[in-house]
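The values are calculated or read from the model by the stated rules, or taken from the named source; none is laboratory data. Just so it is clear, the model here is predicted, and its values are computed rather than measured. Backbone-built Cβ (ideal geometry, glycine too); neighbour counts: all protein chains shown.
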Amino acid sequence: MPVSKPARLLVLLGGLLAAATPGAAAEPAKVVLLGTGTPIPDPSSSGPCVAVVVNGHSYLFDAGPGVVRRAQAAAEKFGMAALDATNLTHVFFTHLHSDHTLGYPDLLLTPWVVGRRKPLEVFGPKGIAAMTARLKEAYAADIQVRTEGFEGLNKRNLEPIVHEIEGAGPVYKDENITVRALAVPHGSWPQAFGYSIDAGGRSIVISGDTALSDSITEACRQCDVLVHEVYSADRFDLVFGQRRGRYHANFHTSTKQLAELAAKSRPKLLVLYHQLYFGPRDEVDLEKEIRRTYSGNVVNGRDLTVY
């Protein structure tokens, strides 16, 4: 059932009041899967985006297709005002593949159009500044009409603050969260990152797209939540036979490899996302494949779930 406008306003107001109440007990950070998909246009899975919500603030990791509407859906479903479109003010990109960035113009423009009061702060690999500049060029006519026409929008609130990440290490810290970039191998990309996050008393690691990575293993080390991409080793062998595909071996992590990584890093919860099934989803059990050699907690992530 659609959420009414008054109900949405109550969700937003309630979240803001809770965040602003002096002495209010800080809640543990929540990991919200907004999108778990891949380039495959699966209508049940939006493009990759993981949100960390803490103390009434949200921090997005990647911006796949559908990001703003998925965030708004999560705001209304879970009563998280931090994910209201107007409160989306921080994004960290893992790499610049299209399925992780196609929601960027949406994230840049839509919250601004509906009332974001501050610029979007953007972190990502080298190339994100050029992408940002070209997106502004592409939407120059729209921006001109909205700022110089009857809407009279404040152009200052549109201007993103872009930070290009030079390499692995700390990239951001405020009173709610600390974010560290992890260099990961993702095929021929010169830069690709995972992220290690400390927020609300929880340690969270997000892999982004990566082949089997020692940096993810080391960053987790009994972390609270590891969100990791994966593909089905069983289906890969069935579909491709004995011929090992160079693409997946260099760009992604199989269930067999991820089980090995998890056994070493021992997360309290392993959440699968960016899943490649190589066949009908209901015929592939990624959790079962992982559990053959890994005994820890694992869940196959879905859009609009919270951990």
Which of the residues spanning region 178-192 are over 15 Å from the mean Cα position of the chain (by Cα) and part of a strand (DSSP E or B)?
Thr178, Ala183
Within region 125-176, residues farther than 28 Å from Val52 by Cα, modelled with pLDDT of 95 or more and of a type in the set (Gly, Ala, Ser) come out as Ala138, Ala140, Ala141
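Please specify each residue of region 285-305 satisfying the condition of being part of a loop (DSSP other than H, G, I, E, B), within 24 Å of the chain's Cα centre (by Cα) and surrounded by fewer than 20 Cβ atoms within 10 Å (Cβ to Cβ).
Step one: filter region 285-305 for residues part of a loop (DSSP other than H, G, I, E, B), giving 285, 292-297, 301-304.
From what's left, within 24 Å of the chain's Cα centre (by Cα): 285, 296-297, 301-304.
Passing the criteria: Asp285, Gly296, Asn297, Arg302, Leu304.
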Restricting to region 23-75, what's the tally of residues that are modelled with pLDDT under 95 and closer than 17 Å to Tyr307 by Cβ?
2
Those residues that are in a helix (DSSP H, G or I), farther than 16 Å from Arg281 by Cβ and at pLDDT 95 or above, I need them from region 227-263; list them, please.
Lys256, Gln257, Leu258, Ala259, Glu260, Leu261, Ala262, Ala263
Considering region 116-167 alone, what residues qualify as being assigned to a loop (DSSP other than H, G, I, E, B), within 19 Å of Phe61 (Cα to Cα) and acidic (Asp, Glu)?
Glu166
Can you tell which of Glu159, Glu175, Glu121, Glu137 is farther than 30 Å from Leu261 by Cα and without any contact (Cβ under 8 Å) to a residue 24 or more places away in the chain?
Glu137
Can you confirm whether Glu289 is touching a residue at least 24 places away in the same chain (Cβ under 8 Å) and more than 23 Å from Gly167 (Cα to Cα)?
yes
Return the only residue of Leu107, Leu96 being part of a helix (DSSP H, G or I), of a type in the set (A, V, I, L, M, F, W, C), under 24 Å from Ile165 (Cβ atoms) and at pLDDT 95 or above.
Leu107
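Select from region 264-284 the residues that are touching a helix residue (DSSP H, G or I) at 6+ places or on another chain (Cβ under 9 Å) and either basic (Lys, Arg) or assigned to a helix (DSSP H, G or I) (or both) and write down the one among them that is modelled with the lowest pLDDT. Steps first, please.
As a first pass, look at region 264-284 and keep what is touching a helix residue (DSSP H, G or I) at 6+ places or on another chain (Cβ under 9 Å): 264-267, 270, 272, 274-279, 283-284.
So of that shortlist, the ones also either basic (Lys, Arg) or assigned to a helix (DSSP H, G or I) (or both) come out as 264-266, 283.
Details: Lys264: 97, Ser265: 97, Arg266: 98, Glu283: 92.
The qualifying residue modelled with the lowest pLDDT is Glu283.
I'd like to check something: does region 143-161 contain any residue that is among the acidic types (Asp, Glu), surrounded by fewer than 20 Cβ atoms within 10 Å (Cβ to Cβ) and within 19 Å of Leu34 (Cβ to Cβ)? Steps first, please.
Filtering region 143-161 down to residues among the acidic types (Asp, Glu) leaves 148, 151, 159.
So of that shortlist, the ones also surrounded by fewer than 20 Cβ atoms within 10 Å (Cβ to Cβ) come out as 148, 151, 159.
With within 19 Å of Leu34 (Cβ to Cβ) added as a condition, the list becomes none.
Looking for residues that are among the acidic types (Asp, Glu), surrounded by fewer than 20 Cβ atoms within 10 Å (Cβ to Cβ) and within 19 Å of Leu34 (Cβ to Cβ), one finds none in region 143-161, hence no.
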What do you reckon, is Asp224 modelled with pLDDT of 95 or more, surrounded by 24 or more Cβ atoms within 10 Å (Cβ to Cβ) and among the acidic types (Asp, Glu)?
no
Subset of region 193-221 that is assigned to a helix (DSSP H, G or I) and among the β-branched types (Val, Ile, Thr) - its residue that is surrounded by the most Cβ atoms within 10 Å (Cβ to Cβ)
Ile216
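Results for (1) out of contact with any Lys or Arg (no Cβ under 6 Å at 6 or more places or on another chain); (2) over 22 Å from Pro41 (Cα atoms), shown as yes or no for each residue.
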site: Thr217; (1), (2): no, yes
site: Asp224; (1), (2): no, yes
site: Asp237; (1), (2): yes, yes
site: Ala249; (1), (2): yes, yes
site: Thr253; (1), (2): yes, no
site: Leu258; (1), (2): yes, yes
site: Lys268; (1), (2): yes, yes
site: Thr293; (1), (2): yes, yes
site: Gly301; (1), (2): yes, no
Among residues of region 82-105, those that are surrounded by fewer than 24 Cβ atoms within 10 Å (Cβ to Cβ) and among the small types (Gly, Ala, Ser), counted
2
If Asn55 satisfies all but one of (1) surrounded by fewer than 24 Cβ atoms within 10 Å (Cβ to Cβ); (2) more than 22 Å from Thr178 (Cα to Cα); (3) over 15 Å from the mean Cα position of the chain (by Cα); (4) of a type outside the set (D, E, K, R), what's the number of the condition it fails?
(2)
Looking at region 76-86 only, could you name the residues that are under 17 Å from Val306 (Cβ atoms) and either part of a helix (DSSP H, G or I) or at pLDDT below 95 (or both)?
Glu76, Lys77, Phe78, Ala81, Ala82, Leu83
